[in-house]
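To start, the structure under review is shown below, and the notes come after it.
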Amino acid sequence: MLNSSTQLIRISEAFSGYLAEILDLLGATNIKRLGTEYFLIQVADPDLICNSSAARFIRWHIPVEHSWPCNPENMDSFIEKAAQTLFLKFAGRNPQTILIGQLDPSSTKRYYKALASNLRGRSLQVFSLPERAPKTAEDQNSSKQTLFCLLGKDGLFCGMASPKEANGFYPGGTKYISQNAEDTISRAGAKIAEALHYLGLFRPALPENSHWLELGASPGGMTSELLKRGYEVTAIDRAPLDTRLDHVKNLHFIRADIAEFIPPRGARFDAIVSDMNGPPRQAISHVTRLNDFLKPGSIAIFTLKTTGAETISHIDALETDVLAEAERGGLRSLARTHLTYNRQEFTLFLEKAAG
Ligand SMILES: C[S@@+](CC[C@H](N)C(=O)[O-])C[C@H]1O[C@@H](n2cnc3c(N)ncnc32)[C@H](O)[C@@H]1O
């Protein structure tokens, strides 16, 4: 039997053109927009949030099991009342921690950021969690239930979900990675940093010195992030890397067309990342062609560019073909998401069988 329920979902503003179709695919009713990217919706079949053509557009989501529509700025003792109510409603379900975010994360107004942090602090005390809770969001067990709350000028919206179910360790998704204009080589650097945080939902981080093969590396934003984490990188592009990467340790840059690249004899990589532009069906075939050079259990991170796809069914077809080629090439799909720094593109996470 289907369970009608209220859900809080996040859809990037990048997809505003598809919004009506996404909500329609979910069968969403009683839709209320909260903040810039959140929607409170009623759905007859919550499974559609994860298993439908709309799923790829939903960055993060929770079932709404408690809501307090109010303007916190006008409420007396908002923090104490909210913390006590959360305790009454959720303490019996033993959340591993409580995480509270803002409905409008881009707001420059500090009020809600401080309110979220203070409410979290008080709630952890009331639940007697300060000692036992994971130290950081990414220390959570990705399969254990967390009490996630979002707040803003429309009120407080809360529900229990594991980070894996919600699609991110943080309220709203992945950790926000700020880009410092001076030492940022390209937006793609923040994309790989965010992708590595997201990957923690599914597997432990690769150890230092792991060897990455990077296809479509120029100008080098991702390369520089991988190097910063102590990884070795073999980077291929027909365009040059930023001169800041000249003579950097652990980097092997090969200026070539990827179609002509043959790894050196005996090379075995721990991971491959492809951020190539051009047709995605061709880009994935370059990844699968190189599969023999990947160690068993290695990871592939693939940017699925959707330029030229004009409808959701075009994107469906593109992704189905890309995943089918990956599967033929021995790479199974682990996850797919839309990261903060993805534009009209998605990030696919693939894994080679452990051997
Ligand atoms: C979006 S950019 C990559 C940005 C890069 N990942 C970064 O971190 O700065 C796409 C790159 O793919 C490269 N590319 C696309 N097809 C290629 C091919 N067949 N051979 C070599 N490079 C290719 C382009 O030259 C371009 O530099």
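Each peptide in 133-144, 256-267, 6-17 receives the mean, over its residues, of other Cβ atoms within 10 Å, and ordering these scores from highest gives 6-17, 133-144, 256-267. For THR146, the amide hydrogen comes within under 5 Å of the amide hydrogens of GLN96, ALA161, SER162, counting only partners 5 or more places away or on other chains and with H modelled in the peptide plane. Our coupling estimate for the stretch 43-50, obtained by passing each phi through the Karplus curve with A = 6.51, B = -1.76, C = 1.60 and θ = phi - 60°, is 10, 7, 10, x, 4, 5, 5, 9 Hz, Gly and Pro reported as x. Of all lysines in the structure, the ones whose alpha carbon falls short of 19 Å from that of LYS153, not counting any fewer than 8 places away in one chain, are LYS32, LYS81, LYS109, LYS113.
The phi torsions of the stretch 337-343, fed into the Karplus equation with coefficients 6.51, -1.76 and 1.60 and a -60° offset, translate into couplings of 8, 10, 8, 3, 8, 6, 9 Hz, rounded to whole numbers, with Gly and Pro shown as x. Near the amide H of ALA335, within less than 5 Å, lie the amide hydrogens of PHE349, all on another chain or at least 5 residues away, with H placed in the peptide plane. Taking 4.7 Å between beta carbons as the limit, the unpaired Cys residues of the chain are CYS50, CYS70. Helical runs (DSSP H, four residues minimum) scored at -39500 (n - 2.57) apiece and divided by the length of the chain put the mean residue ellipticity at 222 nm at -7500 deg cm²/dmol.
Highest mean first, the peptides 207-219, 287-299 sorted by other C-beta atoms within 10 Å per residue fall in the order 207-219, 287-299.
THR311 contributes an accessible area of around 50 Å² to the protein surface, as traced by a 1.4 Å probe with all chains present.
Here the accessible area of the stretch 181-352 is 50 percent carbon and sulfur, with a 1.4 angstrom probe and all protein chains present. Taking a point 7 Å out from the Cα of SER5 in the direction of its Cβ, the residues of the stretch 65-97 whose backbone N falls within less than 12 Å of it are 65-66.
For LEU129, the amide hydrogen comes within under 5 Å of no other amide hydrogen, counting only partners 5 or more places away or on other chains and with H modelled in the peptide plane.
The values are calculated or read from the model by the stated rules, or taken from the named source; none is laboratory data. The model shown is predicted, which means the values in this text are computed figures rather than measured ones. FYI the Cβ positions are ideal-geometry reconstructions off the backbone, even for glycines, and counts take in every protein chain you see. Areas reflect the complete protein model, heavy atoms only, side chains present, ligands, DNA and RNA absent. Shrake-Rupley method; radii C 1.70, N 1.55, O 1.52, S 1.80 Å.
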